[in-house]
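The values are calculated or read from the model by the stated rules, or taken from the named source; none is laboratory data. Quick caveat: nothing in here was measured; it's all calculated off a predicted structure. Here the Cβ positions follow ideal geometry from the backbone for every residue, glycine too, while neighbour counts run over all protein chains shown.
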Protein chains: 2
Amino acid sequence: MSQFNRIAVIGTGLIGGSVLLAASKRKAGLSFAGWSHSKQSREHLKTFAGVEVFESAIAAVQGADLVVIATPVDRIKETLIAITPGLKAGALVTDVGSVKESVLNDASVLPNTVTFIGSHPMAGSEKAGITQAKSNLFDGKVCFITAAGKESAAGVSRLRDFWKTLGAVTSECSAKQHDAIVAITSHVPHASAAALMLAVAQSPEFTITAAGTGLRDATRIAAGEENLWVSILLANSSHVVAGLNAVEKNLVELREAIQSGNKEKVAALLKAARIARQSLDSSR
Amino acid sequence: MSQFNRIAVIGTGLIGGSVLLAASKRKAGLSFAGWSHSKQSREHLKTFAGVEVFESAIAAVQGADLVVIATPVDRIKETLIAITPGLKAGALVTDVGSVKESVLNDASVLPNTVTFIGSHPMAGSEKAGITQAKSNLFDGKVCFITAAGKESAAGVSRLRDFWKTLGAVTSECSAKQHDAIVAITSHVPHASAAALMLAVAQSPEFTITAAGTGLRDATRIAAGEENLWVSILLANSSHVVAGLNAVEKNLVELREAIQSGNKEKVAALLKAARIARQSLDSSR
């Protein structure tokens with residue numbers, strides 16, 4: 001039996017498009033609705049079997065008992081305001097934004113007749129857009145669910161089951177805790193990779209043919225679409241700034257050890273980094 | 001016709017082992033000799049068809065017209081001194097070290113009866129050791145050849161052909177130029193990835209299950225064996241320190257823009273990084 005009668009996805013890029021593909025393939029709902037602000041994305045969405053495509057967000061959410069907001073983070077508030085008149089009483093509303101505390105504040109514009117609980121499936125990629133969407137995008141990926149504590153247990157449980165149906169592994173914590181975790185595991189690495197890429201590109205010695213897999217891997221995420229990331233970094237700035245300060249501190253310590261020829265210190269720092277990095281793989 | 005009568009490889013880890021596998025498979029020589037300081041590596045080397053394994057470096061180089069030194073960078077000088085009495089007059093000697101100016105200095109210990117020209121195949125990996133060696137390791141990889149200018153054109157030409165036979169794309173420049181190039185394309189990314197990994201691991205908020213492919217890619221090279229990297233970073237310290245200063249500068253600029261909520265500035269920096277990163281892929 002499907003969990004929901006009708007699922008509406010508002011904003012159909014990589015994540016929103018993949019939610020529709022995964023949810024329809026795995027029958028998480030009986031019917032599906034989608035809307036994108038982009039005409040081109042709406043045209044592409046029409047090729048998704050079983051998805052009704054709408055010209056307005058308010059029309060797309062009508063009758064849906066699950067509404068997934070998958071717009072960029074800095075558009076969530078205006079999107080929630082826009083769809084409010086179309087929302088069915090009792091609907092469960094979630095989002096897929098990479099920050100959760102600011103989105104929780106945004107959600108205060110919603111009426112009491114609906115339940116909002118934030119989600120964050122960690123399935124982004126530097127390859128964005130609906131053309132990159134796929135039904136197995138969430139398989140094995142962590143999806144945070146950040147209930148504020150006042151929601152009904154049934155709502156949280158339905159949302160948890162939804163993401164599990166889509167293949168994700170759910171993890172529950174507060175919005176604040178989520179933001180601190182993803183700052184250090186995702187936002188700070190993104191900003192660091194961008195700073196490294198800038199320094200490399202600015203160097204007069206930089207020779208593109210000498211760029212090996214090491215440099216390519218270390219900077220891969222810096223190829224991500226900047227507007228998406230600007231909103232994320234600014235919406236989570238206090239945690240991101242703290243993390244970047246820590247990166248700077250470690251970079252200065254390593255650079256000074258190299259500069260002074262302190263072999264033991266350089267070895268100790270690189271060893272600690274190696275052990276930490278290897279533990280990421282052994283945890284898989 | 002094989003280029004060399006006998007090829008000796010001194011130091012048989014990932015690179016040295018792969019040189020033997022690639023050279024014997026592609027018949028770059030008529031016979032092959034190998035030596036490692038590690039008994040375990042010598043035992044593994046005995047499983048390589050057509051390679052004679054020696055108990056001493058001096059015995060391994062006897063009769064070789066090409067000698068490839070593939071020890072860690074900080075062992076090259078002592079290795080050259082050790083093999084000198086065994087070197088055949090007219091032999092071509094090269095190394096595979098990741099820095100070239102310090103190695104060029106080390107090579108001044110060699111007698112005038114042999115020709116030394118530095119090489120650097122950019123084919124390292126965080127997976128080190130002879131068990132990772134493979135005959136196609138150099139396929140399509142850049143191999144620097146850093147002649148000092150006083151070598152015979154025939155020697156440079158033979159070395160160039162050797163690496164091409166092994167599948168590499170050769171690139172010729174001075175040792176100093178090489179060191180500046182690899183500082184920014186390889187050594188600085190390594191140190192930056194290590195600093196990022198340390199900051200992440202030190203964070204009380206770090207949750208290993210939330211580590212996605214972005215963090216894993218950005219820090220992958222930090223899993224490399226530290227002793228190898230300590231010698232590289234210290235042997236190339238002036239170029240590495242300059243590059244790390246540039247990373248710090250960019251990191252501070254980005255962090256301050258985030259801290260002050262300067263959306264345009266953050267967007268401009270991330271956009272420049274995205275364009276630079278995308279150009280790495282379009283160059284492939």
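Restricting attention to the stretch A:201-213, does a residue exist that is within 7 Å of chain B (Cβ to nearest Cβ), over 22 Å from the mean Cα position of the chain (by Cα), part of a helix (DSSP H, G or I) and under 17 Å from residue B:269 (Cα atoms)?
Yes: the stretch A:201-213 contains one or more residues that are within 7 Å of chain B (Cβ to nearest Cβ), over 22 Å from the mean Cα position of the chain (by Cα), part of a helix (DSSP H, G or I) and under 17 Å from residue B:269 (Cα atoms).
So if I check each of A:244, A:251, A:234, which one is in a helix (DSSP H, G or I), crowded, with 18+ Cβ neighbours inside 10 Å, facing chain B (nearest Cβ under 7 Å) and over 27 Å from the mean Cα position of the chain (by Cα)? Steps first, answer last, please.
On the way: A:244 fails: over 27 Å from the mean Cα position of the chain (by Cα); A:234 fails: over 27 Å from the mean Cα position of the chain (by Cα).
That would be A:251, the only listed residue that is in a helix (DSSP H, G or I), crowded, with 18+ Cβ neighbours inside 10 Å, facing chain B (nearest Cβ under 7 Å) and over 27 Å from the mean Cα position of the chain (by Cα).
How many residues does the stretch B:95-107 contain that are in contact with a strand residue (DSSP E or B) (Cβ under 9 Å, 6 or more places away or on another chain) and farther than 13 Å from residue B:178 by Cβ?
So the answer is 2.
Could we say that residue B:179 is touching a residue at least 24 places away in the same chain (Cβ under 8 Å) and farther than 15 Å from residue B:121 by Cβ here? Walk me through it before giving the result.
On the way: touching a residue at least 24 places away in the same chain (Cβ under 8 Å): yes; farther than 15 Å from residue B:121 by Cβ: yes.
It is true that residue B:179 is touching a residue at least 24 places away in the same chain (Cβ under 8 Å) and farther than 15 Å from residue B:121 by Cβ.
When you look at residue A:15, is it of a type in the set (A, V, I, L, M, F, W, C) and in contact with a helix residue (DSSP H, G or I) (Cβ under 7 Å, 6 or more places away or on another chain), yes or no?
So residue A:15 does not fit the description; no.
Do we have residue A:161 as at pLDDT 95 or above, outside the structural domain of residue A:74 (by TED's automatic domain parsing), part of a helix (DSSP H, G or I) and charged (D, E, K, R) here? Even if it seems obvious, please write down each step before you answer.
On the way: at pLDDT 95 or above: yes; outside the structural domain of residue A:74 (by TED's automatic domain parsing): no; part of a helix (DSSP H, G or I): yes; charged (D, E, K, R): yes.
No, not satisfied.
Based on this model, can you work out whether residue A:184 counts as in a helix (DSSP H, G or I) and within 18 Å of residue B:268 (Cα to Cα)?
Numbers: in a helix (DSSP H, G or I): yes; within 18 Å of residue B:268 (Cα to Cα): no.
The answer is no for residue A:184.
Assess whether residue B:266 counts as being among the aliphatic types (A, V, I, L, M), under 13 Å from residue B:98 (Cβ atoms), in contact with a helix residue (DSSP H, G or I) (Cβ under 8 Å, 6 or more places away or on another chain) and in a helix (DSSP H, G or I).
The answer is no for residue B:266.
Tell me whether the stretch B:231-238 contains one or more residues that are modelled with pLDDT of 95 or more, within 30 Å of residue A:122 (Cβ to Cβ) and hydroxyl-bearing (Ser, Thr, Tyr).
no
Considering only residues that are closer than 17 Å to residue B:5 by Cβ and not hydroxyl-bearing (Ser, Thr, Tyr), which ones fall in the stretch B:91-117?
Passing the criteria: B:91, B:92, B:93, B:114.
List the number of the failed condition for residue B:49; all other conditions in (1) assigned to a loop (DSSP other than H, G, I, E, B); (2) free of Cβ contacts under 8 Å to residues at least 24 places away in the same chain hold.
The failed condition is (2).
Please indicate, with yes or no, whether at least one residue in the stretch B:17-38 is of a type in the set (Val, Ile, Thr), modelled with pLDDT of 95 or more and part of a loop (DSSP other than H, G, I, E, B).
For the stretch B:17-38, residues of a type in the set (Val, Ile, Thr), modelled with pLDDT of 95 or more and part of a loop (DSSP other than H, G, I, E, B): absent.
Inside the stretch A:52-72, can you point out the residues that are in a strand (DSSP E or B) and under 22 Å from the mean Cα position of the chain (by Cα)?
Of everything in the stretch A:52-72, those that are in a strand (DSSP E or B) and under 22 Å from the mean Cα position of the chain (by Cα) turn out to be A:66, A:67, A:68, A:69.
Applying the selection to the stretch A:108-143, what residues are farther than 20 Å from residue A:12 by Cβ and either out of contact with any strand residue (DSSP E or B) (no Cβ under 8 Å at 6 or more places or on another chain) or at pLDDT below 95 (or both)?
If the condition is that a residue be farther than 20 Å from residue A:12 by Cβ and either out of contact with any strand residue (DSSP E or B) (no Cβ under 8 Å at 6 or more places or on another chain) or at pLDDT below 95 (or both), then A:108, A:109, A:111, A:112, A:113, A:140, A:142 are the ones that fit.
If a residue must be closer than 24 Å to residue A:186 by Cβ, among the hydrophobic types (A, V, I, L, M, F, W, C) and more than 7 Å from every other protein chain (Cβ to nearest Cβ), how many such residues does the stretch A:254-283 contain?
So in the stretch A:254-283, the residues closer than 24 Å to residue A:186 by Cβ come out as A:254, A:269-270, A:272-283.
Among the residues that remain, those that are also among the hydrophobic types (A, V, I, L, M, F, W, C) are: A:254, A:269-270, A:272-273, A:275-276, A:280.
Still in the running and more than 7 Å from every other protein chain (Cβ to nearest Cβ): A:275.
So the answer is 1.
Six or more apart or on different chains, Cβ under 8 Å: which pairs go from a residue in the stretch B:164-176 that's within 25 Å of residue B:105 (Cβ to Cβ) to one that's crowded, with 18+ Cβ neighbours inside 10 Å and among the aromatic types (Phe, Trp, Tyr)? Could you list them?
Pairs found: B:168/B:138; B:170/B:144; B:170/B:163; B:171/B:144; B:172/B:144; B:173/B:144.
I want to confirm something. Restricting to the stretch B:167-181 and keeping residues that are over 23 Å from residue B:102 (Cα atoms) and in contact with a Cys (Cβ under 8 Å, 6 or more places away or on another chain), which single residue is nearest to the other protein chains (Cβ to nearest Cβ)?
Among residues in the stretch B:167-181 that are over 23 Å from residue B:102 (Cα atoms) and in contact with a Cys (Cβ under 8 Å, 6 or more places away or on another chain), the one nearest to the other protein chains (Cβ to nearest Cβ) is B:169.
Here are some conditions: (1) closer than 19 Å to residue A:219 by Cβ; (2) more than 7 Å from chain A (Cβ to nearest Cβ); (3) touching a His at 6+ places or on another chain (Cβ under 8 Å). Residue B:143 meets all but one. Which one does it not meet?
(1)
Residues in the stretch B:62-70: is at least one in the same structural domain as residue B:105 (by TED's automatic domain parsing), in contact with an Asp or Glu (Cβ under 8 Å, 6 or more places away or on another chain), buried (at least 18 other Cβ atoms within 10 Å of the Cβ) and not β-branched (Val, Ile, Thr)?
yes
Just checking, how many residues over the stretch B:137-162 are touching a residue at least 40 places away in the same chain (Cβ under 8 Å), under 22 Å from residue B:21 (Cα atoms) and surrounded by fewer than 22 Cβ atoms within 10 Å (Cβ to Cβ)? Before you say what the answer is, go through the steps one by one.
Keep residues of the stretch B:137-162 that are touching a residue at least 40 places away in the same chain (Cβ under 8 Å), which gives B:137-138, B:144, B:146, B:148, B:155, B:158-159, B:161-162.
Cutting the leftovers down to under 22 Å from residue B:21 (Cα atoms) gives us B:137-138, B:144, B:158-159, B:161-162.
Restricting the remaining residues to those that are surrounded by fewer than 22 Cβ atoms within 10 Å (Cβ to Cβ) gives B:158, B:161.
So the count comes out to 2.
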